[in-house]
Amino acid sequence: MSQRPLALRAYLSLASALAPVWRWGLQHRLTRGKETVASIQQKLSLQMPPRPVGPLVWGHAVGVGESMALAGLFHRLGESRPDLHFLITTTARTSGDALQRQGLPLRCQHQFAPVDTPEATARFMAHWQPTLALWCEMDLWPALITAADNQGVPRVLVNARLSEQSLRKRRWGRWIYQALLPGFADVFAQNAESARGLTSLGARAERITVSGTIKTLSPPLSHDAGEFARWRRSLGIRPIWLLASSHPGEETLALQAHEALRQHKPDALLIIAPRVPTRGAEVAALCPPGTPQRSQGQSLPTTAPVYLADTIGELGLWYRLAPVALVGGSLAQVGGHNPLEPLALGCAVLHGTNVWNFSESYARLDAQGLSRPINDPSELASAVQAVWSSPGPREDRRPPEPQADRLLQRLQAHL
């Protein structure tokens, strides 16, 4: 500990002193229904699932997309190494729920990540004793990384992404990053900009590989097959399109485009799936009177021009039903959402110009004709009509990620 940088030693001391605050915060979340007794026990590393016998690869992620990407990566790794076991940790219940709903890869478990105190992370590491540790994107917890270092566990950072904006936000903590990043045996950055940013924060340039996104490895979103069949029978031959993961302002634009589409296709249906389902009432106020809402248990009336899919975890159903989707967050100042999820299910992708969260993916997909940018309701209506006129095959349209095999080879080298 004494040889570690002062900033890291200071962080660990403060984190240890704040352990009672962590406990109080978790109990407060429990009273608000945001935690369960089991999740708190896991986050404090007081009760954890049994560790399987044999080598264990552990991956940590924060968001649903990153968790799914790790699941896809572990699935691929497990195909070539049947002796391996896997663990995925997440901080958010939504990510854990999504993993359980989607289905974990073979020989893979999930638990919540420990709170970032030296005591909880030490108990976590002593229990799981991973053979290899992966951090997905930039959810780097100093005490957790230090606990892995204490046990001599090789560490790899995958899918790392740093925009200029996020780099500026992290500069305040550069002393911590300079203490943590050099310890990663391999760093896989999504693009050259991220690689430069990681180097400026302390990562060793010779260990960085620009590898694109591992989200191409994510399994297709799951769905309820019986519910899909029911919807398919109900919809018949109606032309359908989807506004997925929408943000304020995008619903209005989509509804304007839908009015234009219904001039030529009076039975056309627009399904709106807001990114935040609790916006259901707000979005419903924009829709035609009587628009059915899924959160209210309302099934689709035969003649409804719009359906409000304001629930969590059902994009797999909507992407399978609609041949084309406008992926939200790309017209609002949000940065766009994952275009690979609809493509995996054969759904054509439309998007606005604000796609900096997935800039490389969208640039490549646009160039290959797998996605198309739009700017206004008129362009959106034309693009939807074009897909209806020439629908593509309902199969996985994701282009292969050329660096995925290299990433898997490098991971195997550490095992």
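Suppose R0 equals 45 Å. What FRET efficiency, 1/(1 + (r/R0)^6) with r the Cβ-Cβ distance, do residue 363 and residue 282 give to the nearest 0.05? Computed FRET efficiency for residue 363 and residue 282: 0.85. The calculated FRET efficiency for residue 185 paired with residue 101, based on their beta-carbon distance and R0 = 51 Å, is about 0.95. Taking only the alpha-carbon positions of the stretch 1-88 and ignoring solvent, what does the Debye formula give for the base-10 log of I(q)/I(0) at q = 0.20 Å⁻¹? Calculated log10 I(q)/I(0) at the listed q: -1.06. A cut-off under 14 angstrom between Cβ atoms defines the neighbours of residue 186, and their net charge, with Lys, Arg +1 and Asp, Glu -1, is +4. With semi-axes defined as the square roots of five times the eigenvalues of the C-alpha gyration tensor, the equivalent ellipsoid of the stretch 61-152 measures 21, 16, 11 Å, largest first. Note on the stretch 230-350: Cα Rg divided by 2.2 N^0.38 Å, N the number of residues, gives 0.96.
What does the charge add up to near residue 301, with Lys and Arg as +1, Asp and Glu as -1, over the other residues with Cβ less than 15 Å from its Cβ? Intermediate results must be reported in sequence, preceding the final value.
On the way: positive: 230, 233, 238, 294; negative: 267.
Taking every Cβ under 15 Å from that of residue 301, the sum is +3.
Hey, what does the equivalent ellipsoid look like for the stretch 295-415, semi-axes from the Cα gyration tensor as sqrt of 5 times each eigenvalue, largest first, whole Å? Each step should come with its number before you reach the end.
On the way: eigenvalues 166, 69, 46 Å².
Output for the stretch 295-415: semi-axes of 29, 19, 15 Å.
With Rh defined as the Kirkwood radius, the inverse of the mean 1/r over Cα pairs, the Rg/Rh of the chain is 0.99. Residues considered: 28, 258, 247. Largest GNM mean-square fluctuation over the chain, using C-alpha springs under 10 Å, is found at 28. Mean residue ellipticity at 222 nm, helices only, the chain: -12500 deg cm²/dmol; runs of at least 4 DSSP H residues each add -39,500 (n - 2.57), and the sum is divided by the number of residues.
Only lysines eight or more places from residue 34 in sequence, or on another chain, were considered; those with a Cα closer than 28 Å are 43, 169, 215.
How much net charge surrounds residue 23 when only other residues with a Cβ under 12 Å from its Cβ are counted (Lys, Arg +1; Asp, Glu -1)?
0
Across the options 329, 237, 300, the greatest Cα extent toward the positive end of the charge dipole of the chain (unit charges at beta carbon of Lys, Arg, Asp, Glu) belongs to 329.
Our note on the geometry: Cα centres of the stretch 75-131 and the stretch 19-44, 19 Å apart.
Values in this text are rule-based calculations from the coordinates and carry no lab data. Source: prediction; values computed, not measured. So basically every Cβ, Gly included, is an ideal-geometry build from the backbone, and we count neighbours across all protein chains shown.
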